[in-house]
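A short worksheet on the structure shown next.
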Amino acid sequence: MKKIGILTYSYGTNYGGTLQCIGLYKVLKEIGFEVKIINYMSENMYCKRNKYISGSGIRKNILKTFKFENLKKFWIKLRYVDSIIKKFDDFREKNLKITKGSDNLKELIKGNDINTIIVGSDQVWSGEKIYFLNEVNENKIKKISYAACSGKDFFKEEDREYLVTSLKKFYKISVRNEHTRSFVERLIGDSPDVVCDPSILYDYKEFLNDKIKKEKYILTYILGEDIKEGNDKAIKKIKEIFGNIKVIAIGIPFANSGNLRFYPWADEVLYDASPEEWLNLINNAEFVYTDSYHGALFSMKFHKPFLAYYTEINRAPRFIDLAKRYNVDKYIVNTLEEAIEKKSISKKINYEKIDLELEVHRKYSMEFLKKALED
């Protein structure tokens, strides 16, 4: 039997990263393979508690120590970091078979008798060269990428030879969007398959509980900058259609203080929701407002009215591809003005057509996986 190792961003407290890992793992198990998550952790990994706390910015600039905003961020980290790390670790331990953590990839592969490595999904090709597997040069190891994503082109021209050599050693390459397909094609001349994110492959029904819904609410999951006109104005527009109902915001106490957000327009803020709670909060929401790729994908999976937006350049390629690929461009925008013009904030989305698009891509992606794993 093939012993498959999945190499992705399996650590940390990222909902999309963790759940896409769960999705690929569960699907491979259903097919009949023995699977482990390769728990590679680079030196700059941010999931350790001290990295979360030290990233608050307070130690970096003593002059800013007594600024209210910095103190508030530090307090949020102290209050929620232990809790969210434990919830994510418990969730992974319960649902995944994981190798020990190490920054030595070759030893992890050898020590776990892995003969096939699947790199991806998520933005594994956005910075760290280790995810191109050039250091793993044993002939016995079959290298496959599944829905790998490059975000934007982070690599410099001097990296070209390294990347070309690395990619040509892969048995099969698949990517998550057109941007990454173009990235690979420019390097090696071959056009890889564009497959769906693993979260489309798996249904996640085992984690859903409809009974926990107590009241109507609008859910927000915001990771980056506000929409151009301001998220407070976007929430106001949403309430004009869905009523003056409660707004729940999900936040994450990231290591980098720049990524820790406040949500003054929310009635309730959750900084330590578990992955399972995150899924249920989306599944039971009246409306979802997000700048997260996986926030949009899971809204679509659970047939939720949603509005997704992108402002930063590194988020744009994923959203633009998502909008075109599944015909949801009406619900993915760059500005609030665009959303108003498109009448994007709608109580009902035609999910019959969207489901057909998702199912066609899911079947295509499953065929890729099965063929890539054949001897």
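The values are calculated or read from the model by the stated rules, or taken from the named source; none is laboratory data. Nothing here was measured: the structure is a model prediction, and the numbers come from that model. Positions of Cβ are generated from backbone atoms using ideal geometry, with glycine treated the same way; all protein chains shown enter the neighbour counts. These area figures cover heavy atoms from the full protein model, side chains too; ligands, DNA and RNA do not enter into them. Shrake-Rupley method; radii C 1.70, N 1.55, O 1.52, S 1.80 Å.
Yes/no matrix, rows are residues, columns are (1) of a type outside the set (Val, Ile, Thr); (2) modelled with pLDDT under 90; (3) open to solvent by less than 40 Å² (accessible area, probe 1.4 Å):
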{"position": "Lys110", "(1), (2), (3)": "yes, yes, no"}
{"position": "Val119", "(1), (2), (3)": "no, no, yes"}
{"position": "Val124", "(1), (2), (3)": "no, no, yes"}
{"position": "Tyr131", "(1), (2), (3)": "yes, no, yes"}
{"position": "Glu135", "(1), (2), (3)": "yes, yes, no"}
{"position": "Glu138", "(1), (2), (3)": "yes, yes, no"}
{"position": "Ala147", "(1), (2), (3)": "yes, no, yes"}
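Residues in the stretch 298-317 that are in a helix (DSSP H, G or I) and under 19 Å from Tyr217 (Cα atoms): 4 in all. For the stretch 256-271, the criterion of being at pLDDT 95 or above, under 18 Å from the mean Cα position of the chain (by Cα) and open to solvent by 10 Å² or more (accessible area, probe 1.4 Å) is met by no residue. Close contacts from the stretch 3-18, counting a first residue that is closer than 10 Å to Tyr40 by Cβ and a second that is of a type in the set (Phe, Trp, Tyr) and assigned to a helix (DSSP H, G or I), with Cβ to Cβ under 8 Å and a gap of 6+ residues or different chains, come to Leu7/Tyr131. Per the listing Lys94, Lys100, Lys87, the residue uniquely within 21 Å of the chain's Cα centre (by Cα), under 30 Å from Glu277 (Cβ atoms), open to solvent by 80 Å² or more (accessible area, probe 1.4 Å) and not acidic (Asp, Glu) is Lys94.
Could you say whether any residue in the stretch 221-234 is within 30 Å of Leu356 (Cα to Cα), outside any helix (DSSP H, G or I) and not hydrophobic (A, V, I, L, M, F, W, C)? For the stretch 221-234, residues within 30 Å of Leu356 (Cα to Cα), outside any helix (DSSP H, G or I) and not hydrophobic (A, V, I, L, M, F, W, C): present. Figure legend. Inter-residue proximity from the stretch 176-201: first residues among the polar types (S, T, N, Q), second residues assigned to a loop (DSSP other than H, G, I, E, B) and open to solvent by less than 30 Å² (accessible area, probe 1.4 Å), beta-carbon distance below 7 Å, spacing 6+ or different chains. Indicated pairs: Asn177/Cys149; Thr180/Trp125; Thr180/Cys149; Thr180/Ser150. If Val164 satisfies every condition in (1) among the β-branched types (Val, Ile, Thr); (2) more than 19 Å from Phe368 (Cβ to Cβ); (3) in a loop (DSSP other than H, G, I, E, B) but one, which is the exception? It is condition (3) that Val164 fails. The condition of being at pLDDT 95 or above, among the β-branched types (Val, Ile, Thr) and either loosely packed, with under 15 Cβ neighbours inside 10 Å or under 24 Å from the mean Cα position of the chain (by Cα) (or both) holds for Ile218.
Only one entry in Ile320, Ile354, Ile340 is among the β-branched types (Val, Ile, Thr), assigned to a helix (DSSP H, G or I), farther than 30 Å from Thr116 by Cβ and open to solvent by less than 50 Å² (accessible area, probe 1.4 Å), namely Ile354. For Phe298, are the conditions met, namely being touching a strand residue (DSSP E or B) at 6+ places or on another chain (Cβ under 6 Å) and of a type in the set (Phe, Trp, Tyr)? No: the conditions fail for Phe298. Check the stretch 101-119 and report whether any residue there is within 27 Å of Arg318 (Cβ to Cβ) and in a loop (DSSP other than H, G, I, E, B). No, every residue in the stretch 101-119 fails to be within 27 Å of Arg318 (Cβ to Cβ) and in a loop (DSSP other than H, G, I, E, B). Considering the stretch 1-35, the residues that are under 14 Å from Ile98 (Cα atoms) and basic (Lys, Arg) include one that is modelled with the lowest pLDDT, namely Lys3.
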